[in-house]
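The values are calculated or read from the model by the stated rules, or taken from the named source; none is laboratory data. Not measured: the values here are computed from a predicted model. Using ideal geometry, Cβ is built from the backbone for each residue, glycine included, and neighbour counts are taken over all protein chains shown.
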Amino acid sequence: MSEYSNVRLSKLKLKGVKKHKKKNKRAREDDDNDIRNSPSTSAIDFDDAAQHGNWFRVDRFEQITGSICIEFTPYQYVRALDNGNLILGSPHSPGEGPDPEEIFIAVRVTPAQIAIKSGYFKYLAVDKHRKVVGHSDAISNREHFDPIFQDGKLALSASNGCFISIDETESELPYVVARSTMAGDNEFIKIRTNINPEMTRLEKLKQSIPDEEKGTLRDCEINYVKKFQSFQDKKLRLNTNNVNSLKEAKTKGRLHEELLDRRAKMKSDKFCK
């Protein structure tokens, strides 16, 4: 886990940029400050948002929550297929927003990382071929993504330490992959949100919380059991253990994984047979 953490928190490695020696300790400390934690000084570009169907470009980590879309080239967004694959969707006209298949849900799992859920209720991860796919029913380390902001640019690092990009060389479909350890033009993206940055913090929080997770942790568990249980008699099979494990899992960013484990012990989940 220590090696994993080191990879996740590193700055962008830009292609074609050579390292320079730091002149003094003060300069080194300034360069090591994570841009993600710095307040944004850019004004909200409402004209740009209007050109994308009122989807605002994010410029800091705190804005990545709730509904998002991932734009690789102007007016082209990542699109989820029903088989779990991700491709680059067709271009949209100015003023149009993303299609429903191009809208994802960002779930904050640590102070620096997110998980991403497709419209098919599957979490994204990287498979053994380094292709980004949506097959997971719960969040583990494999489903963690690290948005890296630097010099006004954004790249998304996957759990294998590589940045996501579009691969158009091996197939007619432009699949989303995570293969490069350095960020170049092919790896730079724009993440957009339909949450107006001028909304209050409370309004943003209410809008970003999934319906299943509103209420107490016990309410959350009941909602997910209702959603995934497979018994024909429709009677709830709830784990009788207290919710302390859920509280601990939530602080560690693995709430969905713990909920799945608890359902598996009750043999009530259609994904846990």
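Quick one: in the range 72-83, of everything that is out of contact with any Asp or Glu (no Cβ under 9 Å at 6 or more places or on another chain) and closer than 27 Å to D137 by Cβ, which residue is surrounded by the fewest Cβ atoms within 10 Å (Cβ to Cβ)?
My answer is N83.
Across the range 93-117, what is the total count of residues that are in contact with a His (Cβ under 7 Å, 6 or more places away or on another chain) and either outside the structural domain of I68 (by TED's automatic domain parsing) or among the polar types (S, T, N, Q) (or both)? Outline the logic, then answer.
The initial filter retains those residues of the range 93-117 that are in contact with a His (Cβ under 7 Å, 6 or more places away or on another chain), namely 97, 109, 113, 115.
Narrowing the set further to residues that are either outside the structural domain of I68 (by TED's automatic domain parsing) or among the polar types (S, T, N, Q) (or both) leaves 113.
Total meeting the criteria: 1.
Check whether at least one residue in the range 119-139 is modelled with pLDDT under 95, β-branched (V, I, T) and farther than 18 Å from I189 by Cα, and report yes or no.
Within the range 119-139, one or more residues are modelled with pLDDT under 95, β-branched (V, I, T) and farther than 18 Å from I189 by Cα.
Could you check the range 182-216 and list, in sequence order, the residues that are at pLDDT 80 or above and more than 22 Å from the chain's Cα centre (by Cα)? Write out each step before concluding.
Of the range 182-216, the ones at pLDDT 80 or above are 182-196, 216.
If the condition is that a residue be at pLDDT 80 or above and more than 22 Å from the chain's Cα centre (by Cα), then T216 is the only one that fits.
Identify, please: which residue in the range 241-273 is part of a loop (DSSP other than H, G, I, E, B) and at pLDDT below 75 and is, among those, surrounded by the fewest Cβ atoms within 10 Å (Cβ to Cβ)? Don't jump to the end; show me each part of the working.
If we filter the range 241-273 for residues that are part of a loop (DSSP other than H, G, I, E, B), which is where we start, we get 241-243, 252-254, 267-268, 270-273.
Subset that is at pLDDT below 75: 253, 267-268, 270-273.
Values: G253: 20, K267: 12, S268: 20, K270: 12, F271: 12, C272: 17, K273: 8.
My answer is K273.
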